[in-house]
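The values are calculated or read from the model by the stated rules, or taken from the named source; none is laboratory data. Quick caveat, the model's predicted, so the values are computed rather than measured. Cβ: placed from backbone, ideal geometry, glycine included. Neighbour counts: every protein chain shown. What goes into the accessible areas is simple: the full protein's heavy atoms, side chains included, and nothing from ligands, DNA or RNA. Shrake-Rupley method; radii C 1.70, N 1.55, O 1.52, S 1.80 Å.
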Amino acid sequence: EISACLVGSEMCIRDRYKEAHVLENQGRHKEAFELYKYAAINGLSKAQFAVGSLLQEDDCPENVAQSRYFYELAARQGHAEAQFELARMFLEGQGGPTDLKAARHLYELAARQGHLGAIEAIAFLDD
């Protein structure tokens, strides 16, 4: 059961994220998605990343474009894994146009936070 909380409060948003994580681990993906989305819309970067990840799993072009949007929200807040995934999407043209300059910039941001995949991607781009 979803806990009652003051709508929009930071504690409520974090609680919804935690509940979503539990539901996802129980295989209740649809319910988890709705709670992640609530937290994502209210600005929680790790929820934005979770929504982006779940949408990316679907091959539907509309969902991939939405995935890119949610990754971008999280990346703007400094979420390294979102920066990495968004860079990969820019590099491959997933969910929108290819943008090599934006991909490199995002890889660099993630690399500065120690993201090993981003560090490797930069080395690959430099070859």
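Numbers below:
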item	result
Pairs, first hydrophobic (A, V, I, L, M, F, W, C) in segment 89-109, second part of a loop (DSSP other than H, G, I, E, B), C-beta under 8 Å, six or more apart	Met89/Gly95; Met89/Gly96; Phe90/Gly96; Phe90/Thr98; Phe90/Asp99; Leu91/Thr98; Leu109/Gly78
Check on Tyr69, farther than 25 Å from His29 by Cβ and hydroxyl-bearing (Ser, Thr, Tyr)	no
Long-range neighbours under 7 Å by Cβ, at least six apart or interchain, first residue on the phi > 0 side of the Ramachandran plot within segment 4-23, second modelled with pLDDT of 85 or more	Gly8/Asn42
Among (1) over 30 Å from Met11 (Cα atoms); (2) touching a Ser or Thr at 6+ places or on another chain (Cβ under 8 Å) - the single one Gly96 does not satisfy	(2)
Test: residue in segment 44-64 that is of a type outside the set (S, T, N, Q), more than 25 Å from Leu23 (Cβ to Cβ) and over 12 Å from the mean Cα position of the chain (by Cα)	yes
Wholly enclosed helices (runs of 4 or more DSSP H) of segment 3-111 bearing at least 3 residues open to solvent by less than 80 Å² (accessible area, probe 1.4 Å) and within 23 Å of Ile122 (Cα to Cα)	45-56, 61-76, 80-92
